[in-house]
1. For the full complex of protein chains and a 1.4 angstrom probe, list 113, 16 by accessible area with the highest value first.
2. I want to verify the translational diffusion coefficient of segment 30-99 in µm²/s; compute it with Stokes-Einstein, Rh as the Kirkwood radius over Cα pairs, at 10 °C and 1.306 mPa s.
3. If you take all C-alpha pairs in the chain, what percent of them are over 17 Å apart?
4. Using a cut-off of 27 Å between alpha-carbon atoms, which lysines can reach residue 104, once sequence neighbours fewer than 8 places away in the same chain are excluded?
5. If ligands, DNA and RNA are left out, what is the accessible area of residue 4 with a 1.4 Å probe, given in Å² to the nearest 10?
6. Place a +1 charge on the Cβ of each Lys and Arg in segment 50-96 and a -1 charge on the Cβ of each Asp and Glu, then give the dipole magnitude about the Cα centre in debye, rounded to the nearest 20.
7. Taking R0 as 41 Å, what FRET efficiency do you get between residue 95 and residue 119 from their Cβ-Cβ distance, rounded to the nearest 0.05?
8. Per residue of the chain, what 222 nm ellipticity follows from adding -39500 (n - 2.57) for every DSSP H run with n ≥ 4, rounded to the nearest 500?
Amino acid sequence: PLLLDAAEGTRTARLMPDEGRDGQTYRVVEISGGGATDAVRLYVDSRGVVERQAYTDSDPAGRRVLVEEVFSDYRPVDGVQVPFRAELRHNGKAVLERVLTNVKLNSDVDPKMFEKPAR
């Protein structure tokens with residue numbers, strides 16, 4: 001969504017200096033605007049996939065927190081590279097890990113999934 005918004009002109013994207021980390025160099029794209037108070041930085045690896053995104057936010061006590069989402073285990077799904085694993089970090093500490101087991105793009109959804117369950 002960030003990149004689509006930038007392409008449509010509702011956000012601004014700018015190329016930042018490359019950054020090195022863990023022996024790899026990343027292209028850094030900073031996206032700002034669109035009502036967000038802080039910019040989001042996307043770290044693109046040599047394959048052209050986003051390996052990490054980072055931004056600052058406030059915790060419930062009002063302290064600034066560096067929020068990072070690190071993506072891995074990219075697999076092709078209908079011609080699109082999808083990260084099957086993501087780790088959410090606050091100030092470098094892992095707070096959540098997400099693992100996908102199955103991904104379908106543009107598949108039909110059974111309308112019954114949206115029905116309220118009977119009591």
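1. Details: 113 145, 16 30 Å².
Heavy-atom accessible area, descending, gives 113, 16.
2. Working: Rh = 13.3 Å.
Here the translational diffusion coefficient equals 119 µm²/s.
3. In whole percent, the share of Cα-Cα pairs in the chain beyond 17 Å is 67.
4. 112, 116
5. 120 Å²
6. Working: 7 positive and 8 negative charges, 38 e Å.
Using Cβ point charges on Lys, Arg, Asp and Glu, segment 50-96 gives about 180 debye.
7. Computed FRET efficiency for residue 95 and residue 119: 0.70.
8. -1500 deg cm²/dmol
The values are calculated or read from the model by the stated rules, or taken from the named source; none is laboratory data. If you're wondering where the values come from, they're calculated on a predicted model, not measured in any experiment. All Cβ positions, glycine included, derive from the backbone under ideal geometry; neighbour counts span all protein chains shown. Side chains are part of the model used for accessible areas, which takes the heavy atoms of the whole protein and leaves out ligands, DNA and RNA. Shrake-Rupley method; radii C 1.70, N 1.55, O 1.52, S 1.80 Å.
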